[in-house]
């Protein structure tokens, strides 16, 4: 991803955050939210310089593939807190099924990353931005 990107910051628009409810959300739901947040993050990183939509799309797809997400999780793992490691474990254990083209462990790692991103998006956007910005540095 672009080295000159100044960083991406997220803000969740919620009247009040019900942290107890967020902690009880299923890993599948957190991964569902995390998938969308991560794709938006990657799309934002590739906005500049402007290019053809097809080229832009190919770069984004390359970054949101399960294999690339698994590598991103490996890069972030040493930086994770105990709570974040637990969220990653919950995401890994909740990963059901697997596309034929993938090894199950790759799919589990990608789902774990999406679960972590979904959790942080709802719980701590500053920490989410911090971790995601390490992926582009």
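The values are calculated or read from the model by the stated rules, or taken from the named source; none is laboratory data. All values derive from a computational prediction rather than experimental measurement. We place every Cβ from the backbone using ideal geometry, glycine too, and count neighbours over all the protein chains shown.
Applying a threshold of 7 Å to beta carbon distances and a minimum spacing of six or more residues, or different chains, the list of pairs starting in region 79-102 at a residue that is closer than 13 Å to residue 117 by Cα and ending at one that is part of a loop (DSSP other than H, G, I, E, B) reads 88/80.
Any idea which residue in region 62-74 is modelled with the lowest pLDDT, counting only those that are surrounded by 13 or more Cβ atoms within 10 Å (Cβ to Cβ) and farther than 19 Å from residue 28 by Cβ? Here the residue is 63.
Kindly indicate whether any position in region 48-61 is surrounded by 14 or more Cβ atoms within 10 Å (Cβ to Cβ), part of a helix (DSSP H, G or I) and at pLDDT 90 or above. No; the residues of region 48-61 include none that is surrounded by 14 or more Cβ atoms within 10 Å (Cβ to Cβ), part of a helix (DSSP H, G or I) and at pLDDT 90 or above. Remark: pairs (first residue in region 108-137, on the phi > 0 side of the Ramachandran plot and in contact (Cβ under 8 Å) with a residue 12 or more places away in the chain; second residue surrounded by fewer than 23 Cβ atoms within 10 Å (Cβ to Cβ) and not in a helix (DSSP H, G or I); Cβ separation under 9 Å; 6+ apart in sequence or on different chains) are absent. The residue that is modelled with the highest pLDDT, counting only those in region 90-126 that are loosely packed, with under 14 Cβ neighbours inside 10 Å and more than 15 Å from residue 67 (Cα to Cα), is 126.
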